[in-house]
1. In percent, what relative contact order does the stretch 8-111 have, based on Cα pairs under 8 Å that are 6 or more apart in sequence?
2. Most exposed first by the Cβ proxy, i.e. fewest other Cβ within 10 Å, how do 51, 84, 153 rank?
3. Round to the nearest 0.05 the FRET efficiency obtained for residue 116 and residue 183 when R0 = 45 Å and r is the Cβ-Cβ distance.
4. Which of the residue pairs 16/47; 47/107; 16/56; 126/158 have a Cα-Cα distance greater than 25 Å in the structure shown?
5. Between residue 95 and residue 62, what is 0.36 nm times their sequence separation minus the Cα-Cα distance? Round to one decimal in nm.
6. At a 10 Å Cβ-Cβ cut-off, how would you order 34, 58, 5, fewest neighbours first?
7. Given a Förster distance of 35 angstrom, what is the FRET efficiency for residue 143 paired with residue 10, based on the Cβ-Cβ distance and rounded to 0.05?
8. Note down the relative contact order for the stretch 124-201 as a percent, whole number, built from C-alpha pairs under 8 angstrom at least six residues apart.
Amino acid sequence: MTTECPIPVEINLHRKTRLLALHFSDGSNFELPCEYLRVFSTAAEVKASDIPITGKECVNIEKIEPQGQYAVRLVFDDGHDTGIYSWQTLYQLGSEYQKNWQNYLTKLDTLGYQRQQSEQQDRSVKLFYFAWLADKTGKESEEIELPQSVTTIAELLKLLRMRRPEIAPVFDQALLRPIVNKQFAELFTHLDHGDEVALVPNQPTPPATPDI
């Protein structure tokens, strides 16, 4: 008896950070760099070569074109557009990302190729607090810098709990409904520089916290 491969329930391209976010029906979530997807393209001319592709550190995806009910074609901004990525392929690329990427880097080392390192850019988001959350934080909005490790709503809430330990319970993810750029979001929603994030309580009263 064969097990059916999970299918993606959501595919989002984050151009600023050059990441393709994939959310599958079994609950698996992957964020795959465009460079990774490009150098592991399913195109025949790529798979047939023993020499790893180089020079794609800054490549981005221009378009995502559905191919029936089983795959997408990724069109990259370097002109490459012959890779058809089935749901199974995308799932495998996500599940095996660490292993695949390390193997790729090892091959580059063997070639003596030095990857260009992308410059670390400052990332910030504008936060808006509503109802009792505004009372507890003492403000209706603020702009904060995001560490490179903070890329999702869940990680943002963890950061806020660490920054404000005296009121950490108010940032419990179960108590808040996140909205990003005026669209309802999920805990796994990716954050880009300049995003506006509203945190709206989903219950009428706040959790107990020490008086501040």
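Every number in this text was worked out from the coordinates using simple rules, so none of it is lab data. What you see is a predicted model; the values in this text were computed from it and never measured. Every residue, glycine among them, receives a Cβ derived from its backbone with ideal geometry; neighbour counts consider all protein chains shown.
1. On the way: 144 pairs, mean separation 19.6, N = 104.
That works out to 19 percent.
2. Values: 51 7, 84 15, 153 23.
Final ranking by Cβ density, sparse to dense: 51, 84, 153.
3. Details: r = 34 Å, r/R0 = 0.75.
Computed FRET efficiency for residue 116 and residue 183 comes out at 0.85.
4. Details: 16/47 28 Å; 47/107 15 Å; 16/56 16 Å; 126/158 16 Å.
The answer is 16/47.
5. On the way: separation 33, 0.36 × 33 = 11.88 nm, distance 2.39 nm.
That works out to 9.5 nm of additional length.
6. Ascending number of Cβ neighbours within 10 Å: 58, 5, 34.
7. Details: r = 28 Å, r/R0 = 0.79.
My answer for the efficiency is 0.80.
8. Working: 128 pairs, mean separation 33.2, N = 78.
43 percent.
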